[in-house]
Amino acid sequence: MQSFIDKLFRGALNHRRAVIIVALVLLIAAALCIPGVKINYQFSDYLPEDSASTISLHKMNETFDAPTPNAQVMVEGLSLMQASDLATQMEQTQGVEDVMWLGTTCDTSVPLETYDPDAVAAWKSGDTYLYQVALDTTQASAAMDSIEGAASALGARDVAMAGDAVNSAVAAGSSDFEIQLIMIMAVIVILGLLLLTSEAWFEPVLFLSVIGVSIVYNLGTNIIFGEISFITQMCAAVLQLAVSMDYGIVMLHAFRGFRAEGLSSYDAALAAMHKAASVIASSAATTFFGFLSLCVMVFLIGADMGVVLAKGIVFSFLCVLFLLPILVLASEKVLAKTAHRKLLPSFDTFAKWCLRLAVPFTIIVALITVPAYLGQRQPNFVYGASSFVEPGSQLYEDSNKIEEVFGANESWVMLVPEGQWGTERQMVDEIENVDGVTSVTSYVTAVSANIPEEFVPQDSLSQLVSNGYSRIVITTSLMGESQEAFDAIQHIRDIGNEFYPQQNYLVGSAVTSYDMSLIVNEDSLRIMLASVITIGLVLLLMFRSLSIPLILLLTIEISIWVNLAIPYFMGETIQYIGYLIISAIMLGATVDYTIILTKSYLEKRRSMERRAAMLAAISDSAITILTSSIILTICGALIGVISSNGVIAGLGTLIGRGAFIAALNTFLLLPILFLLLDKVVEKTTWKARFFQGTDPSSTQNLEKE
């Protein structure tokens with residue numbers, strides 16, 4: 001095996017021009033594939049096939065052309081006649097599949113005073129009208145522009161839009177620009193950090209070029225999936241850049257070391273490939289399996305993100321292992337000309353301060369660990385597309401305007417077998433009495449159970465009855481993801497099961513969010529077990545120790561608990577997708593910090609007593625850990641600040657804050673755990689070979705520090 005790997009490395013170095021040509025051809029091919037990858041903004045598409053929402057959506061698509069409303073349009077400054085004209089124009093707009101407004105439930109040729117005031121108030125307030133619109137999500141952005149233009153042409157003072165389709169359309173329109181801005185800012189920050197830590201001004205160019213190539217490979221090969229989620233699209237590139245940058249640092253550091261020993265450039269590159277392969281592989285393996293553990297989620301967006309992120313780590317590993325040494329050899333003269341003295345001082349003082357602060361920090365961690373664990377299990381979740389909306393955005397302001405005038409308003413649709421009009425009438429009566437339900441529109445309410453279907457105009461009938469099913473539109477005054485809405489959904493489902501057991505299907509945005517909420521705890525446990533077990537096994541094989549994997553996993557898990565508990569104790573909401581995937585991402589991406597420190601400590605411990613070994617280990621590994629953690633912290637923060645999508649912004653904030661906390665725990669908590677459990681680690685680690693010299697002051701020094 002070793003001979004094969006050596007031949008592989010030598011073959012790459014001996015045919016450098018061919019490797020570069022192949023890499024460029026693949027780069028061009030991958031870049032051309034990127035525009036062909038479809039981006040999916042619909043959370044409902046990622047629910048498991050056996051969920052109630054998915055089954056109901058499939059049934060709806062099979063039986064009815066009339067879709068469920070997914071947008072609200074509020075128009076101010078129109079007369080009743082103008083409002084009717086606007087409804088007609090909306091219905092004729094490409095991308096608009098259905099429109100419900102005052103004229104849908106009331107005959108506007110009859111004085112409105114003859115109708116129930118509450119029924120009118122749900123659609124009209126003075127000269128302001130509300131429309132419930134079903135938009136084709138693939139054409140929603142253009143349809144929204146057309147609607148706004150039509151309303152303005154009729155003399156409307158203001159137009160406000162809200163709803164899942166609007167949220168998704170705005171997110172789709174801004175995502176490309178935001179991705180580019182985030183990447184540009186990330187590259188600038190990383191470039192600055194790498195310049196500080198490099199020994200030649202040209203080094204960062206090599207790092208960024210190699211990782212950039214691997215990112216293009218990853219994004220381009222997503223075409224094999226046909227489409228990926230918008231979360232994956234927004235985060236994949238910047239996360240790959242942040243977590244794999246240290247691979248290149250390790251490779252170049254090894255090359256410089258062998259050159260300093262007197263080896264030729266070729267031999268140094270070959271030796272560096274051999275040495276770095278095992279180091280990078282162990283680091284990449286934990287990240288790879290951490291990301292891949294997302295695939296165990298019932299919510300399929302986990303598999304979407306997990307596979308893409310894991311694939312990116314593979315590309316980064318291969319590019320650094322084969323492409324970087326070749327580029328180093330090709331640019332050796334440039335590196336020599338741009339060489340400079342080390343810009344950063346020794347980290348010996350930093351190491352001493354870490355040990356001084358470690359004991360009080362560990363005491364604080366011990367006090368907050370249990371509250372943090374309990375707090376992170378009770379967050380205030382948001383689930384669906386409503387979480388796309390960031391406070392202060394136009395969407396946020398429009399949503400508030402609509403709610404101020406008409407209150408919370410959302411429509412759900414239920415399908416039941418047609419023809420059982422007496423049963424449907426009884427069920428509708430019960431649904432109308434559910435808290436939060438303002439109106440119910442169905443065949444028995446809009447027409448009459450006593451009028452045969454053949455006497456109803458076909459256009460009207462097709463909206464209410466089709467392919468053996470009756471369509472019931474339920475309008476509510478409930479917040480989309482409130483507990484009251486979730487209670488009402490379950491109540492309506494119970495009513496449906498009472499009258500039509502196993503034959504009723506409920507569809508709606510809040511319904512989808514409710515079904516997401518039902519799988520949170522299950523998915524959370526799955527991800528935690530999968531990531532801990534897989535990464536634990538990698539650590540077990542890496543260190544050949546029973547205790548070290550437990551120590552490292554505990555260090556990072558505490559970081560995860562604290563990170564996720566902060567929103568709970570601050571009274572903030574947290575996007576459920578972010579909550580589920582952050583534990584796997586953090587564990588996979590930040591356990592590297594503990595691995596780097598641990599490897600250095602074990603090496604030093606063979607020739608030093610425990611405290612001296614830990615001081616030396618912190619000093620030697622500080623630059624690598626700080627560079628990696630600062631990059632991930634800043635990249636996460638950039639995502640959080642720049643993204644206008646609440647889901648992405650929240651996830652970025654969690655990633656950035658989590659990397660910072662993990663780095664703190666690595667420098668301040670992990671050293672104490674190793675020093676206190678030194679004997680345990682020695683006895684449970686195969687061939688530990690710890691230094692057996694005695695230093696009477698070591699215990700006293702530890703207590704003082």
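No value in this document is a laboratory result; all are computed from the given coordinates. Please read these numbers as outputs of a predicted model, since none were measured by experiment. All Cβ positions, glycine included, derive from the backbone under ideal geometry; neighbour counts span all protein chains shown.
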Burial order of peptide ranges 472-478, 285-291 (average beta-carbon count within 10 Å, highest first): 285-291, 472-478
Where Rh denotes the Kirkwood radius from the mean inverse Cα pair distance, what is Rg over Rh for the stretch 394-517? 1.01
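How high is the relative contact order of the chain, in percent, with contacts defined as C-alpha pairs under 8 Å that are six or more residues apart?
Relative contact order comes out at 18 percent.
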Quantify how much of the Cα-Cα distance distribution of the stretch 494-579 extends past 18 Å, in percent. 64
Kirkwood hydrodynamic radius of the stretch 213-307, Cα pairs, Å: 15.2
In the stretch 114-132, which residues have a backbone nitrogen under 18 Å from the label point lying 7 Å from Ser482's Cα in the Cα-to-Cβ direction? 122-123
Could you work out the mean projected area of the convex hull around the alpha carbons of the stretch 94-175, in square nanometres to one decimal? 6.1
Helical mean residue ellipticity (222 nm; -39500 (n - 2.57) per DSSP H run of 4+; nearest 500) of the chain: -22000 deg cm²/dmol
0 to 90° range, to nearest 10: angle between helix 140-153 axis and the chain longest Cα axis: 50
Quick check: pseudo-label points 7 Å beyond the Cα along Cα→Cβ at Gln692 and Ser109, how many nm apart are they? 10.5
Cα centre as origin, Lys/Arg/Asp/Glu Cβ charges: the stretch 394-517 dipole, Debye: 300
Listed with the fewest Cβ neighbours within 10 Å leading, Phe315, Phe406 appear as Phe406, Phe315
Residues other than Leu292 with Cβ under 14 Å of its Cβ, Lys/Arg counted +1 and Asp/Glu -1, net out at +1
The chain: Rg to Rh, with Rh as the Kirkwood radius over Cα pairs: 1.07
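Kindly put Leu300, Leu241 in sequence by how many other C-beta atoms sit within 10 Å of each C-beta, fewest to most.
Leu300, Leu241
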What full-extension length gain, to one decimal in nm, is calculated for Asp494 and Ile364 as 0.36 nm per residue of separation minus the Cα-Cα distance? 42.0 nm
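Please give the charge dipole size of the chain, origin at the Cα centre, charges +1 on K and R Cβ atoms and -1 on D and E Cβ atoms. Round to the nearest 20 debye.
6040
Diagonalise the Cα gyration tensor of the stretch 575-701 and give the resulting equivalent ellipsoid semi-axes, square root of 5 times each eigenvalue, largest first, whole Å. Kindly include the intermediate steps, with their values, before the conclusion.
Details: eigenvalues 259, 37, 23 Å².
For the stretch 575-701, the ellipsoid semi-axes come out as 36, 14, 11 Å.
What ratio of Cα Rg to 2.2 N^0.38 Å holds for the stretch 459-532? Intermediate results must be reported in sequence, preceding the final value.
Numbers: Rg = 16.4 Å, N = 74, 2.2 N^0.38 = 11.3 Å.
Rounded to two decimals, the normalised Rg is 1.45.
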